[in-house]
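The values are calculated or read from the model by the stated rules, or taken from the named source; none is laboratory data. All figures in this text were calculated on a predicted structure; none of them were measured in a lab. Note that we place each Cβ from the backbone using ideal geometry, even for glycine, and neighbour counts take in every protein chain shown. Accessible surface is based on the protein model in full, side chains and every heavy atom, while ligands, DNA and RNA are left aside. Shrake-Rupley method; radii C 1.70, N 1.55, O 1.52, S 1.80 Å.
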Amino acid sequence: MNKQQLASKIWESADKMRSKIEANEYKDYILGFIFYKFLSNKEENVLKGMGLEDLKIVTEENAEIVESMQKRIGYFIAYENLFSTWIAKKSDFDVSNVRDALSAFNRLINASHKKVFENILDTLQTGLSKLGENSKAQTKAVSDVIYLIKDIPMDGNQDYDVLGFIYEYLISNFAANAGKKAGEFYTPHEVSLLMSEIVANHLKNRDHIEIYDPTSGSGSLLINIGTATAKYIENPNKIKYYAQELKQNTYNLTRMNLVMRGILPDNITTRNGDTLEDDWPFFDESHEYSPLYVDSVVSNPPYSQNWNPKDKESDPRYKEYGMAPKSKADFAFLLHDLYHLKNDGIMTIVLPHGVLSRSGEEGEIRKNLIEKNKIDAIIGLPANIFFGTGIPTIIMVLKKQKENTDIQIIDASKRFIKDGKNNKLRACDIKKIVDTLIERKSQEKFAKVVSIEEIRANGYNLNIPRYVDSEGERESFDMYACMHGGIPSVELNKLNNYFSVFANLKNELFKKLNDEYYCTEHKDVANFIKEHRDVQNYIKNFRKEFNDFSAYLSGALVQNPLDVNINIAEQILSSEIFKRIENIPIVDKYNAYQVLDDEWTKISADLEILKTEGMEAIRKVDPKLEIKKRNGKDEEVQTGWQGRIVPFELMQNYKLKDELEEIQNINNRLEDISARYVEIFEELSEEEKENIKIAVNNDNTEFLKSGVQKLAKSIKKDADVVEKYIADIIIEVDDLVLEEKKLNKDVKEKNAKLEKKTIEFISNLTDNEIKIVLTIKWVEPICTKIDNLANEVVDEFIKKVDAKVHKYDVTLSSLDEQIDSISKDLAGLLDELVGNEFDLQGLEELKTLLGGGDNE
């Protein structure tokens, strides 16, 4: 399994196992055990690296080993407390083993590493009692968890990435199920990535970087910032992480997450405390107060919470800008972050949209920030993007020293896809926002670089719609066209970005009715556009730009997969795509980027496996496992085989097309037989069904095959058992049942042979065949989807033209004529009706209303 499959499997099982325990609580247990497994495996690897094979001598009494481990990794775990020992105990395992181990761990931390490890497992230790009513129930619950996570790899080239991915995956899924409490510990991954890319671009090419999150939650935001900046720094160990978190259990998540990502303990400085009430003082060697100043501060603080501003007027964080109101701490967090920034640093903070326009103390702070030139950019995010709240939010980017005096405002509120109950930024959305920020450009309905003069004129109100109108254009109707038909030229002009590319199309598709209105005489507009030479040339030119793109991708990915730098490869490939698409008008380059990113998710998963296991992994097949109910319990059952890298379907289409086609033909025939059953059964009357009750199911909805066979057997012995017409039907159905039974047997045998052959082909792939297979899997999907982008442009154009052409098809004049004609017809029909005196008076009045009465 790749990391996505493993993470998904663990989550599905964990979600079932937690039963009635709240997701917000259960996360602390499962994530705590994953962390303990990490610590345990790390010690085992170090011990084995020292040449120690017999781990049973690893006890507290062996002072030399205890001291060696504490110096090397900062802690010591005795053999009896190792995660692997718990697994080895099998039925002898007991929850008391965990309690003893966690207690011993805290006692045996190296003094120099206490800030990183001390009490880090307290949430797990104190919560064990909640996993069951008694020791037996707790043992069962803990045993289920440790067996669930035992397959998470903790050694190999990709340790931290796989482990970190699973950890992040679980946190995000727990957050999705934790409601409002999710905001306490998790920033959605896409928002985190957006903030990370903004920060990383500002900090690139620095030799040493310090980053700080004062409301760190699970630590995922801080880690993503570190990962993004690491792409631009030669030595990732030159990144130092500072984190502060108020809640003890969430603070422990921060520390676990940082440690498991392979960050050196010396580069981790964390604190459990109240960011606003108790600023983070650092003391130098002479014990003098020395504030913390970092290259970047990132945060997603709690929105609009209460705080205590009393006696903080002289606090250096706030005194230059003002005091946030007691009922809304948003600007207090922002000013805290800004204070801890170096002069050449950058900060990003997530805040509720209201901070842009609220008056009073907040209005004064906002004015001071603007006049002191600290706000660099504002990004409006989609609503409902955070778990547990649907309020509109923004990312504000600030710098202590800016090269310009304007503010860039971006409205990304319309750029998202639905993901369950929430909205989600796509990779192309993130890329477009970051590119727009870097290039600092204005773009209609998306971004505007706003001068300080304009902001002053708006009373320092930064509400995004004042500067960027991202709303779609409202539909309007032309009165002349409504009455007389035709297409207004002003409406056709809205398609000029297309007509400027398809230079001859407009005049050949439309003809002028007068100076201001057009019409078309082409009945099949869509086909005319598709076949037009300008459109064909456009598609041809697009394909010319990507003519050798398949070869380029093969060279970049397939020729030497082990040499691919996963961290920067997507960036390199996207630059190549953008370069090729640069001279192609209309196509949105960010759609091409989304194509790449969608496929890159799969490609990078394969590359991680190859870098961990080597190229031989391509020739490996693994059991295909599914969870199935057995005796009322969920059990993992093997249902077949699957390629570790190469999908069976791909291999079969490449090497076993004839066998695949043969099986498909049989399946097609089986579908025909099923359809014939239905057809025959529906032709029978209810009386006929009653006469052959033995051959019909209890619901009277379909044939009962066993009954059909019995009845057919009787008919063959005595043809007079039923009417000849019915007998012929039963014999036909019986023949179909026999054919179906034989075909099912054949297809089962052929599938088994196909699976066997597929395994043989995958296992014996030559080096050259591996390149072909990887090209089919990695390269062809990207090329196919990018090639289709030009067609998508044309299809979108056709859709817009079609709307214009048919918008005024039915004029008000023609409607009036139709209504008049129908009214007269109806009035004429009323003349044929008869009734008493009063009925006739009523009908006469109705005819008058319809315009067909005597007074017409």
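For segment 222-247, residues that are in a helix (DSSP H, G or I) and touching a strand residue (DSSP E or B) at 6+ places or on another chain (Cβ under 6 Å) total 4. Contact map, segment 450-478: first residue farther than 20 Å from Asn373 by Cα, second residue of a type in the set (Phe, Trp, Tyr) and open to solvent by less than 50 Å² (accessible area, probe 1.4 Å), Cβ cut-off under 8 Å, separation 6 or more or different chains; pairs are Val468/Phe446; Ser470/Phe446; Asp478/Tyr808.
The rows are residues; the columns are (1) within 21 Å of Tyr241 (Cα to Cα); (2) of a type in the set (S, T, N, Q); (3) modelled with pLDDT of 95 or more.
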{"residue": "Phe282", "(1), (2), (3)": "yes, no, no"}
{"residue": "Tyr289", "(1), (2), (3)": "yes, no, no"}
{"residue": "Ser296", "(1), (2), (3)": "yes, yes, yes"}
{"residue": "Trp307", "(1), (2), (3)": "no, no, yes"}
{"residue": "Lys312", "(1), (2), (3)": "no, no, no"}
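Take Asn700 and tell me if it is polar (S, T, N, Q), open to solvent by 20 Å² or more (accessible area, probe 1.4 Å) and more than 21 Å from Leu774 (Cα to Cα). For Asn700, the condition - polar (S, T, N, Q), open to solvent by 20 Å² or more (accessible area, probe 1.4 Å) and more than 21 Å from Leu774 (Cα to Cα) - is met.
Listed by first and then second residue, the pairs linking a residue in segment 528-545 that is farther than 12 Å from Val794 by Cβ and in contact (Cβ under 8 Å) with a residue 12 or more places away in the chain to a residue that is open to solvent by 20 Å² or more (accessible area, probe 1.4 Å) and part of a helix (DSSP H, G or I), with Cβ atoms under 7 Å apart and 6 or more places separating them unless they lie on different chains, are Arg543/Asp787; Glu545/Arg580. Selection of segment 703-720 for residues being buried (at least 16 other Cβ atoms within 10 Å of the Cβ) and in a helix (DSSP H, G or I) yields Lys705, Gly707, Val708, Gln709, Leu711, Ala712, Ile715.
Of the helices (runs of 4 or more DSSP H) contained entirely in segment 503-560, those carrying at least 3 residues that are closer than 25 Å to His806 by Cβ fall at 505-509, 525-531, 533-545. One residue stands out among those in segment 447-487 that are hydrophobic (A, V, I, L, M, F, W, C) and part of a helix (DSSP H, G or I): the one that is farthest from Pro392 (Cα to Cα), which is Met483. Within segment 597-634, the set of residues being polar (S, T, N, Q), within 18 Å of Gln4 (Cβ to Cβ) and open to solvent by 40 Å² or more (accessible area, probe 1.4 Å) comprises Thr601, Thr612.
Residues being part of a strand (DSSP E or B), touching a strand residue (DSSP E or B) at 6+ places or on another chain (Cβ under 9 Å) and β-branched (Val, Ile, Thr) are represented in segment 634-642 by at least one member.
For first residues located in segment 42-70 and more than 21 Å from Ile263 (Cα to Cα), partners that are aromatic (Phe, Trp, Tyr) and lie 6+ apart or on another chain with Cβ distances below 7 Å form the pairs Leu55/Tyr79; Lys56/Tyr79; Val58/Tyr79; Thr59/Tyr79; Val66/Phe76.
The rows are residues; the columns are (1) closer than 30 Å to Arg543 by Cβ; (2) touching a residue at least 60 places away in the same chain (Cβ under 8 Å); (3) open to solvent by less than 70 Å² (accessible area, probe 1.4 Å).
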| residue | (1), (2), (3) |
| --- | --- |
| Ile772 | yes, yes, yes |
| Thr775 | yes, yes, yes |
| Ile782 | yes, yes, yes |
| Asn788 | yes, no, yes |
| Glu796 | yes, no, no |
| Ala803 | yes, no, yes |
| Val810 | no, no, no |
| Asp820 | no, no, no |
| Gly842 | no, no, yes |
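Annotation for segment 493-501: no member residue is open to solvent by 70 Å² or more (accessible area, probe 1.4 Å), among the hydrophobic types (A, V, I, L, M, F, W, C) and assigned to a helix (DSSP H, G or I).
In segment 650-672, is there at least one residue being touching a strand residue (DSSP E or B) at 6+ places or on another chain (Cβ under 7 Å) and over 30 Å from Val621 (Cα atoms)? No, there is no match, as no residue in segment 650-672 is touching a strand residue (DSSP E or B) at 6+ places or on another chain (Cβ under 7 Å) and over 30 Å from Val621 (Cα atoms). Of the strands (runs of 3 or more DSSP E) entirely within segment 285-386, those holding at least 2 residues that are of a type in the set (A, V, I, L, M) occupy 294-299, 341-352, 375-380. In segment 102-131, how many are part of a helix (DSSP H, G or I), under 20 Å from Leu55 (Cα atoms) and out of contact with any Leu (no Cβ under 8 Å at 6 or more places or on another chain)? Count: 1. Residues that are among the hydrophobic types (A, V, I, L, M, F, W, C) and out of contact with any strand residue (DSSP E or B) (no Cβ under 9 Å at 6 or more places or on another chain) were ranked within segment 250-271; the one that is surrounded by the fewest Cβ atoms within 10 Å (Cβ to Cβ) is Leu264. Residues of segment 790-797 include at least one that is out of contact with any Phe, Trp or Tyr (no Cβ under 7 Å at 6 or more places or on another chain), over 30 Å from Val558 (Cα atoms), acidic (Asp, Glu) and at pLDDT 95 or above. Only a single criterion out of (1) under 21 Å from Asp344 (Cα atoms); (2) assigned to a helix (DSSP H, G or I) is not satisfied by Tyr251, namely (1). Return the residue satisfying two criteria in turn: it lies in segment 201-215 and is open to solvent by 10 Å² or more (accessible area, probe 1.4 Å) and closer than 25 Å to Arg271 by Cα, and of such residues it is farthest from the chain's Cα centre (by Cα). Among residues in segment 201-215 that are open to solvent by 10 Å² or more (accessible area, probe 1.4 Å) and closer than 25 Å to Arg271 by Cα, the one farthest from the chain's Cα centre (by Cα) is His208. Of everything in segment 635-665, what is crowded, with 17+ Cβ neighbours inside 10 Å and closer than 26 Å to Glu732 by Cβ? Give them in sequence order. Matches in segment 635-665: Ile663 only. Looking at Asn24, is it closer than 13 Å to Ile146 by Cβ and open to solvent by 20 Å² or more (accessible area, probe 1.4 Å)? Against the criterion (closer than 13 Å to Ile146 by Cβ and open to solvent by 20 Å² or more (accessible area, probe 1.4 Å)), Asn24 does not qualify.
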